[in-house]
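Asks: Quick one: structure below, then a few questions.
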Amino acid sequence: MRHLELVMGIPMSVDVRDVVDEQVERAAVRDAFDRMHDADRRFSRYLPDSEVSRYDGGGASSDLREVLGIAERFGELSGGAFSVRRPDGSLDTDGVVKGWAAQRAADTLTAAGLTTFCLNAGGDVVVRGEPEGGRGWNVGVRDPSDPQSFLTVLEVRDGAVATSGTYERGEHVWDGRTGQVATGLRSATVVAADLTTADVLATCVLALGPDGIAWASQHGAAAVLAVDADGELLTALQAAPA
Amino acid sequence: MTTPRWRGTLIYVGSLAAMGAAGLTKFAVLAPPATVAESSTDGTSSSTSSSDDTESGDADDSAAAGTGQSGSTTDPATSTDPGSTTSDTVTIVGSSVQTRYGPVQVSVTFAAGQITDVQALQVPGGHHESVQINARATPILAQEVVDAQSAQIDTVSGATYTSEAYAESVQSAIDQQG
């Protein structure tokens, strides 16, 4: 079963390969998408009465506290490069919420008993199980300078892949240390155990620039793949456990 | 003419697969596909930057050509045998799919139940970056939908919003046809 739906204008799709009762599957997928729509409404900067728009530093829901907690942790780890405060001071949780919400949606599929699926939230991916016996999910990583080709194809089981880049949304990631837009990298792709981590790390790498590649591999990234401003491909793998 | 609904999914997957085939072909020159745990740094030594090619700018014209919003202008064109399902040629306009950068809309031409052509009626033009992207992406995507082949890529990280919206518009045209 494959289901595609726009969430705030971003196409999100789920490809479920489990052989289970169709009603169970549909209910699980519906629930997963409802959670993403819900997160979008609550954390949108574009909706004036969303939780994020109304947040004044005072009381916050447990979800918003969780999101801000993730932001704070990676802000500290990255030496301030990652920040949910835009240069103008306004709160922008997009760098955390997309991956976090998609990971939660994937978790609802898992909780419903699904074991073999791929959830793609606008290019950020969570996979579980194997689509065919003996092989993982083949995740193509888009070449930032050429939409018809891939930098590589990653075979992933039970993991997440997130890509942040300037090639599509423009230079939308800023370096929290300087307030300047990040221009050192065209794209950064991070593979990690969960999409919350992969997505935040991909944004961190873009904000940090080339120095962020090795950094991310020490902070939860299984693999990092980035293209610098000159088009050079840079990679790092997590050091093998001692 | 009856077109099973699953064809929409196949075409959609196929369009990604065509991207995959292109990617794999390119990648095969560099190194075998990597598994994350093992060897995904195989391609380290190679720059993957590709210079702008001659397609730059081509799609802008077609993008501006049609901004009609009607969801279903069915246009039986060159049918020689109106009663037959094997020789009809019809063009279906897909739904206009909103992206953050503007609407994406395509028309799909079917002949004998097969997709023979895909035209972009609308692609986002208001955003500087997306103009640059779409000028190159749209003609390539059209070819991919027509040439959809094997399914070696399951999904794409970093895929454009617009290319997914494009696939969705194609799918809506297929659904209308079905």
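Asks: Can you find, among A:V127, A:P48, A:T116, the residue sitting farthest towards the positive end of the charge dipole of the range A:1-131, where Lys and Arg contribute +1 and Asp and Glu -1 at Cβ?
Replies: So the residue we want is A:P48.
Asks: Show A:T166, A:T93 ordered by accessible area, largest first, where the area counts protein heavy atoms only and the probe is 1.4 Å.
Replies: A:T166, A:T93
Asks: Turning to a different aspect of this structure: Compute, for chain A, the length of the dipole vector about the Cα centre, with Cβ point charges of +1 (Lys, Arg) and -1 (Asp, Glu) only. Units Debye, rounded to 20.
Replies: On the way: 22 positive and 37 negative charges, 42 e Å.
So the magnitude is around 200 debye.
Asks: With point charges of +1 on the Cβ of Lys and Arg and -1 on the Cβ of Asp and Glu, referenced to the Cα centre of chain A, which listed residue (A:T183, A:W100, A:G209) lies farthest in the positive direction of the dipole?
Replies: Result: A:W100, furthest along the dipole toward the positive end.
Asks: Over every pair of different alpha-carbon atoms in the range A:33-145, take the mean of 1/r and invert it; report that Kirkwood radius in Å. All intermediate terms of the calculation are to be shown ahead of the outcome.
Replies: On the way: mean 1/r = 0.0627 Å⁻¹.
Here the Kirkwood hydrodynamic radius works out to 15.9 Å.
Asks: What 222 nm value per residue comes from the helices of chain A, counting each DSSP H run with n ≥ 4 as -39,500 (n - 2.57) and dividing by all residues, nearest 500 deg cm²/dmol?
Replies: Working: 6 runs with 81 residues, N = 242.
It comes out at -10500 deg cm²/dmol, rounded to the nearest 500.
Asks: Another question about this same structure. What nm distance separates the two modelled labels at A:R85 and A:Y46, each placed 7 Å from Cα along Cα→Cβ?
Replies: Spacing of the two 7 Å Cα→Cβ label points: 2.6 nm.
Asks: Largest first and in whole Å, give the semi-axes of chain A's equivalent ellipsoid, each being the square root of 5 times a Cα gyration tensor eigenvalue. Working shown, then result.
Replies: Numbers: eigenvalues 146, 113, 48 Å².
Result for chain A: semi-axes of 27, 24, 16 Å.
The values are calculated or read from the model by the stated rules, or taken from the named source; none is laboratory data. Just so it is clear, the structure is predicted and the values come from calculations on it, not from any experiment. As a convention, Cβ positions derive from the backbone with ideal geometry for all residues, glycine included, and neighbour counts pool all protein chains shown. Accessible surface areas use protein heavy atoms only, side chains included; no ligands, DNA or RNA. Shrake-Rupley method; radii C 1.70, N 1.55, O 1.52, S 1.80 Å.
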